[in-house]
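To keep things clear, I will list the structure first and then write my remarks on it.
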Amino acid sequence: MTKLLLTFAGIMVCASTLAEMHVWTFKNGRTVEAEFVAFSGGQVSLKTIKGKVTKIPESEFGADDLLYMELINPPRLDVEFAKTSSQRSYPPTYNNNELPRQTVFSFNCRIKQESNKLYRQDLTVEFFAIGDENAGDKAVLFYYQKENFNLDGSGSV
């Protein structure tokens, strides 16, 4: 009997979700060094070096900072992995009376955005299916796929 252990690597978003100090530049040219706290109702909350939290309308930020906010706040995704298999038996060979069998595996991944938050950045999914060697003690990579996609529907998964 062949054991099959599947290991999946999920979504990799090329952005850090940990807030850090950042120099924010507003449309009027003013700058402030602060840490991103939250975005709610068109207001961005920033925490300054001195610990003061200020709310600033999103409309006051420049394009680079709006992009930065989007990258450090990727949407929450629901990722489902599945494996299906089918077996096929062949007529006995002339050497023995055993019925040779072939097992075919299919692997797939479904990604669904859990919120309706707009996210326009490209994402990458890497999918690994790893199992045990049939007559040995080594791990075997059965399947690998890497796809780029985006949540606005113009990419592929």
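Quick look at the values:
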item: Theoretical gain in end-to-end length, I130 to K52 [0.36 nm per residue, Cα-Cα removed]; result: 23.2 nm
item: Neighbourhood charge, 12 Å Cβ-Cβ cut-off, centred on N148 and excluding it, Lys, Arg +1 and Asp, Glu -1; result: -2
item: Efficiency of FRET from Cβ geometry, F149 and K27, R₀ 30 Å, rounded to 0.05; result: 0.40
item: FRET efficiency estimate (nearest 0.05) - Cβ-Cβ, A139 to R88, R0 30 angstrom; result: 0.75
item: Among the listed pairs K55/K146; K47/K146; K47/K117, those beyond 31 Å (Cα-Cα); result: K55/K146; K47/K146
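Every number in this text was worked out from the coordinates using simple rules, so none of it is lab data. The shown structure was predicted, so the numbers you read here are calculated from the model rather than taken from an experiment. Glycine gets a Cβ as well: all are built from the backbone with ideal geometry, and neighbour counts include every protein chain shown.
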